[in-house]
1. Projected onto the charge dipole of the range 58-150 (+1 at Lys/Arg Cβ, -1 at Asp/Glu Cβ, origin at the Cα centre), which of G122, S66, L76 gives the Cα projection farthest towards the positive end?
2. What's the local net charge at S100, with K and R +1, D and E -1, over the other residues with C-beta under 12 Å away?
3. Could you give log10 I(q)/I(0) at q = 0.07, 0.08, 0.13 Å⁻¹ for the range 62-276, computed by the Debye formula over C-alpha point scatterers of equal weight, without solvent?
4. Which order do the peptides 156-168, 222-234, 117-129, 83-95 come out in when sorted by mean C-beta neighbours inside 10 angstrom, highest first?
5. So, by mean Cβ neighbours within 10 angstrom, what's the order for 191-197, 169-175 with the highest one leading?
6. Ordered by packing density, taken as the mean number of other Cβ atoms within 10 Å over each peptide's residues, highest first, how do 99-112, 246-259, 62-75 rank?
7. Can you compute the modelled spin-label distance between K185 and T230, with each label point 7 Å from Cα toward Cβ, in nm?
8. In whole angstrom, note down how far apart the Cα centers of the range 118-136 and the range 205-279 are.
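Values quoted throughout were computed directly from the atomic coordinates according to the rules given, and no laboratory measurement underlies them. All values derive from a computational prediction rather than experimental measurement. All Cβ positions, glycine included, derive from the backbone under ideal geometry; neighbour counts span all protein chains shown.
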Amino acid sequence: MKKYGLIFIAGVCLVVFVFGHLHWKNMSQAAGIEGKRAEERIKEKEKEEMEALIQSLNPENNKHQSLIDYLHYKSLTQDKVIISLIGSNGISGTGASNSSNSWAGRLEKSLRSDRDELESLGFINHGQEGYSTKDLIEGKKIDEAIHDNPDLVIFEPPLINNQYQSISLEKTEKDLKKIMSMLQKELPNAKILIISPNPVANSKIENSLYLNYMDYIKVSERAIKKNKWTYINSMEGIEKKLKVKNMRLADILTNDNVHPNDQGHYLWFEVLDEYFKLK
């Protein structure tokens, strides 16, 4: 009897073990299925949130969106985002101790750190020291920028060099129109931002045509206004910051009294950085 009792107990234990194992297996499978469903729900929610974000940043729904939001939208809907810079000394960073201290270098760093999706933002600089508007066209700098297929073009008309080289106001305006025509025709989906050159000392000194720096600024602004091009008067913005900070123009220029030093490039960066985030 004792033997049969042990066999019975062993049988019961085996049955309990088998059913226990099956129950545990079923519970594990159920937990796995529920975990998978929970993961799918999370992914679906993330997808919906991303789609909502994209729609909220869509330029078609935001006619007055900031440039940083525009770039953010581009980063979420395409593989890469490119900003091309065209101009002369101001674009190339003349006067700054190194490229990272130029306004362009600072702006690139600021935009990349502002939004995670802009970490891979590409800045392509086509600035050429000493170039005039005529040189930009003949030197194929506009063609190079077009070849970048950028999402945004920042164009600084090299009016300082036009004045220095005594290029006529008529020729300057003609060149500006040609440059903008090339960009708008070949880059219909890109935004184009024109920025003014920096303020300089002795801006009233005349060239061989009896024209001063401000004459070139005024003719460019007339053309910009007439053609309704997007424009930021960064020169005026820098001058306003000088007043607020109680600084002199000489404090932000190099010894040539023309090109901005590191401090000048920093103020220039501040003006542009504020504009990029302005709706």
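1. Of G122, S66, L76, it is S66.
2. 0
3. Debye intensities relative to I(0), on a log10 scale: -0.20, -0.26, -0.71.
4. The most tightly packed comes first, giving 83-95, 156-168, 117-129, 222-234.
5. In decreasing order of mean packing, 191-197, 169-175 become 191-197, 169-175.
6. So the order, starting with the most tightly packed, is 99-112, 62-75, 246-259.
7. Distance between label points: 2.2 nm.
8. Computed from Cα coordinates, the inter-centre distance equals 18 Å.
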